[in-house]
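Reviewing the structure listed below.
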Amino acid sequence: MEKFGKSQSVLRQEDDRFLTGRGQYVDDKAPQGALHGYVLRSSYAHGVITALDTQEAEEADGVHLLLTAERLEKAGLSGKMEASLVKNQDGQLASNTDRFLLAKDKVRFVGEPVAMVFADTFAQARVAADMIGFEVDDLPVHLALQPGGPVLHDAAPTNVAFDWALGDSAQMEAVKAKAAHVVSFEISDNRIICNSMEPRGCWADIEDGRLHLCVNGQGVWSQKAQLAKMLGLSESEIRVTNPDVGGGFGMKAMAYPEYFLAAQAARMLNRPVRWMSDRSEAMLSDNGGRDLTSTATLALDADHKIIGYQVQTLANMGAYSSQFAQPIQTQLFSKVLTGLYDIELAHLQVTGIYTNTTQVDAYRGAGRPEAIYVLERAMDYAARELGVDAWEFRRRNFIAQEKFPYKTASQVRYDVGDFGLVLDRLAQEAELESFAARRATSAKKGLLRGLGLCCYIESILGNPTETSRVVFHADGHVDLYVGTQSGGQGHETVYAQYLADQTGLPADQICVIQGDSDLIPTGGGTGGSRSATVQNSATLALVTVMTQAYKLFLAEYHEVDSADVGFDDEVFRIAGSNVVFSWLDAAKLAREAGQSALLDVTQSATLDDLSFPNGAHVAEVEVDPQTGHSQVVRYVIVDDFGYLLNPMLVEGQVHGGVVQGLGQAMMEHVVYDDNGQLLTASFMDYGMPRAADVPMFDFNSVVVPSTANPIGMKGCGEAGTIGSMAAVSNAVMDALASKGVTRADMPFTPHRVWNMLQNAG
């Protein structure tokens, strides 16, 4: 049995229901007669709550329940949300600044939930919420990404959420002192809003005495555990489901207040309730992404070999530390701190800052795009300052192939890589030798043309364990139970395809079942580019177990030695005979023989190590110096994802990721005014990429199989974003450099680019 899939671009089988309107999303599946929830949100960025009069609202037409922080406490809920805390440089855990489901005593950002109303109709709930007498004494607003200023939390009197470091700062100073060249650059990574196609939503009901929460998330088990803890229930009393999900990108990976509030309301009322966000509400309340400023320092020897790399970062946490925020800009950032380069000494120091803005958490890549963006912008800046070719500068510092497996300065083990191969392929596919001619053609049109390179590596993350379960049914169809959760990636296709590749089962008779804590006891959900790698590794382990079990059964049934029963990925064969069984034939025979254990088989697998997708992207942009308008006109990709199970799905993931990175680079930008009011709270004010804003992508793949899993895969879900942010930014910088611009930060909107040109020199 071959362990690798057949790498066929099979069409997505889930698209039929999506394109014909038969997808079942959270708002489609809400129970009939469910009450509608509406959240009263703070319109103040910072202040003391002086009044919260709910009497009139509670008496309003159609209202069944109104929840406040006080009423949650009376119901026995602490209302405190979870946050992962990191250790400060002194070894002490970062201070825990409590965040409640509903604001208690103070509000700290515009959009913070204050109360939640449940009524017969959405309109009634909204009208009632407007009746609440909510008054606040304003406090000064802190927006600066610096320690100090108006205090948000007593437990963080300087607004420092944490002070984290990796590496030895004294050693770094010694390396800088002896270096032939030391170059430093400040690099900003702007805040963005996820804006998934489907906003967040949930519904809750009591079914046979148990709580059922349905939420459009990225996995059910973490949510279930947090619900049990918050509500004081055992996990056996809770069922959590994920239906079809219209995009998550990390933003939907964590719990939000509305989910707990809906669950509690269903318990208190003993009837179903529902809540769905609208777009502006999502922009106010969804966890944001990125928002950090770093100073990157490269120490180099006389041959331009990097001997030390230092990053000092200020990371905006927003008003609270969200569920994963602190580890993202520290531990996850450090996973790929030194990228593809052979750098023996590195130092990373990160200070988290509280501000009166919506909290920040995971967004496609979660820490790795941020790390690669800083590094690859620094590599380009350094090459320009040192007067060396940016491509050769990177090549000179690549980890040599013979050094793998390679342990980075962050103590992360890269298993394999051939970065020179990737870069050579990119130069060929991007027609690098003819760029000068393309630049000259643009110049004739009065346009500045720039070329930007990004060489990236990322690490798959998350739980290394998954479980697969196969159930054979009498009608010939097969159920495959998985512990991950799709949000548009095509999981139903690739999981069925892989099982079919390994067994010969008809892919169109395999039904993938996911997102139900009652049906699947454990799972890691989706995030960190882990899904296909970890889940299919579990499926491979399952097929191995099933194959052996069926060989023994068929041997006993036919009264032959088990060694005489073979399997060739398609059929079982009895040596010395013409007896042949497909999997479905064998399952039918097992059913007739009463061998029920062969009809329902479960197996888990745990990966021993991480895998590291990598690649190189090159973007070309044209900039109109008269208007500042910039356009990405060419984009070429060479990625190494190891073995590709379904190249079409991989390319689709890369396209989507590139567009998200390009969107951040060219137009997406969260803006608050001095009072902490969100000025970009609709698509009228917040730029999002459209088809006209992106070129046709030229996707290419090289295959260096990972040794960290039995499939040889490396994961592809976040790579496009990781590669595109720096590639596009470096291209704009390259275009502007000819006019004397020395620093260019995202987003490259026309006004910002025009100002860069006006202030150049």
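The values are calculated or read from the model by the stated rules, or taken from the named source; none is laboratory data. This structure is a prediction, so every number in the text was calculated from the model and none was measured. Here the Cβ positions follow ideal geometry from the backbone for every residue, glycine too, while neighbour counts run over all protein chains shown.
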When restricted to Thr297, Thr293, the only residue of a type in the set (Val, Ile, Thr), over 18 Å from Leu102 (Cβ atoms) and in contact with a helix residue (DSSP H, G or I) (Cβ under 9 Å, 6 or more places away or on another chain) is Thr297
Test result for Leu519, more than 18 Å from the chain's Cα centre (by Cα), among the aliphatic types (A, V, I, L, M) and more than 19 Å from Glu570 (Cβ to Cβ): yes
Test result for Gly365, at positive phi, part of a loop (DSSP other than H, G, I, E, B) and over 15 Å from the mean Cα position of the chain (by Cα): no
Could you give me the residue pairs with C-beta distances under 6 Å whose first residue belongs to the stretch 646-669 and is on the phi < 0 side of the Ramachandran plot, whose second residue is of a type in the set (Val, Ile, Thr) and in a helix (DSSP H, G or I) wherever it lies, and which are 6+ apart or on separate chains? Asn646/Val494; Leu649/Val494; Gly657/Thr721; Gln660/Thr721; Gly661/Thr721; Leu662/Val728; Ala665/Val728
Here is a check on your reading of the model: is Ser529 more than 21 Å from His477 (Cβ to Cβ), free of Cβ contacts under 8 Å to residues at least 24 places away in the same chain and either of a type in the set (Phe, Trp, Tyr) or part of a loop (DSSP other than H, G, I, E, B) (or both)? no
A careful count of residues in the stretch 659-696 that are closer than 19 Å to Leu143 by Cβ and more than 23 Å from the chain's Cα centre (by Cα) gives 9
Filter the stretch 379-391 for residues that are in contact with a helix residue (DSSP H, G or I) (Cβ under 8 Å, 6 or more places away or on another chain) and acidic (Asp, Glu); which is surrounded by the most Cβ atoms within 10 Å (Cβ to Cβ)? Asp380
Taking the criterion of being closer than 30 Å to Tyr498 by Cβ and at pLDDT 95 or above, would at least one residue in the stretch 681-694 satisfy it? no
The stretch 392-426, residues that are assigned to a helix (DSSP H, G or I) and surrounded by fewer than 18 Cβ atoms within 10 Å (Cβ to Cβ): Glu392, Arg395, Arg396, Gln401, Glu402, Lys403, Gly420, Leu421, Asp424
Does Ala204 satisfy the condition of being assigned by TED's automatic domain parsing to the domain that holds Arg267 and in contact with a Ser or Thr (Cβ under 7 Å, 6 or more places away or on another chain)? no
Result of the Cβ filter at 7 Å on the stretch 387-409, keeping first residues that are closer than 19 Å to Ala616 by Cα and touching a residue at least 60 places away in the same chain (Cβ under 8 Å) and partners that are among the charged types (D, E, K, R) and in a helix (DSSP H, G or I), at least 6 apart or interchain, is Ala390/Asp380
Of all residues in the stretch 131-154 being of a type in the set (D, E, K, R) and in contact (Cβ under 8 Å) with a residue 24 or more places away in the chain, which is nearest to Ala103 (Cα to Cα)? Glu135
Among the residues that make up the stretch 594-609, is at least one of them without any contact (Cβ under 8 Å) to a residue 60 or more places away in the chain and assigned to a loop (DSSP other than H, G, I, E, B)? yes
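Listed here are the residues, each with its yes/no results for (1) buried (at least 22 other Cβ atoms within 10 Å of the Cβ); (2) touching a residue at least 40 places away in the same chain (Cβ under 8 Å); (3) not acidic (Asp, Glu).
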position: Ala474; (1), (2), (3): no, yes, yes
position: Val482; (1), (2), (3): yes, yes, yes
position: His491; (1), (2), (3): yes, yes, yes
position: Gln497; (1), (2), (3): yes, yes, yes
position: Gln502; (1), (2), (3): yes, yes, yes
position: Cys511; (1), (2), (3): no, no, yes
Give me a count of the residues in the stretch 678-694 that are assigned to a loop (DSSP other than H, G, I, E, B) and surrounded by fewer than 15 Cβ atoms within 10 Å (Cβ to Cβ). 7
Collect the residues in the stretch 257-314 that are within 22 Å of the chain's Cα centre (by Cα) and on the phi > 0 side of the Ramachandran plot, keeping them in residue-number order. Arg290, Asp291
Residues located in the stretch 316-364, provided they are under 12 Å from Asn287 (Cα atoms) and either among the hydroxyl-bearing types (Ser, Thr, Tyr) or surrounded by fewer than 24 Cβ atoms within 10 Å (Cβ to Cβ) (or both): Tyr320, Ser321, Ser322, Gln323, Phe324, Thr357, Thr358, Tyr363
Filtering the stretch 329-347 for residues that are of a type in the set (Gly, Ala, Ser) and either touching an Asp or Glu at 6+ places or on another chain (Cβ under 8 Å) or assigned to a helix (DSSP H, G or I) (or both) leaves a count of 2
I'm trying to understand the selection: among the residues of the stretch 144-167, which are crowded, with 19+ Cβ neighbours inside 10 Å and under 21 Å from Ser42 (Cβ atoms)? Leu152, His153, Ala156, Asn159, Ala161
Kindly indicate which of Thr355, Thr351, Thr330, Thr338 is of a type in the set (Val, Ile, Thr) and closer than 20 Å to Gly676 by Cα. Thr355
With the condition kept exactly as written, say whether any residue in the stretch 551-573 is closer than 24 Å to Leu607 by Cβ, surrounded by fewer than 23 Cβ atoms within 10 Å (Cβ to Cβ) and of a type in the set (Asp, Glu). yes
Considering residues that are surrounded by 15 or more Cβ atoms within 10 Å (Cβ to Cβ) and more than 20 Å from Thr522 (Cα to Cα), the number found within the stretch 580-608 is 13
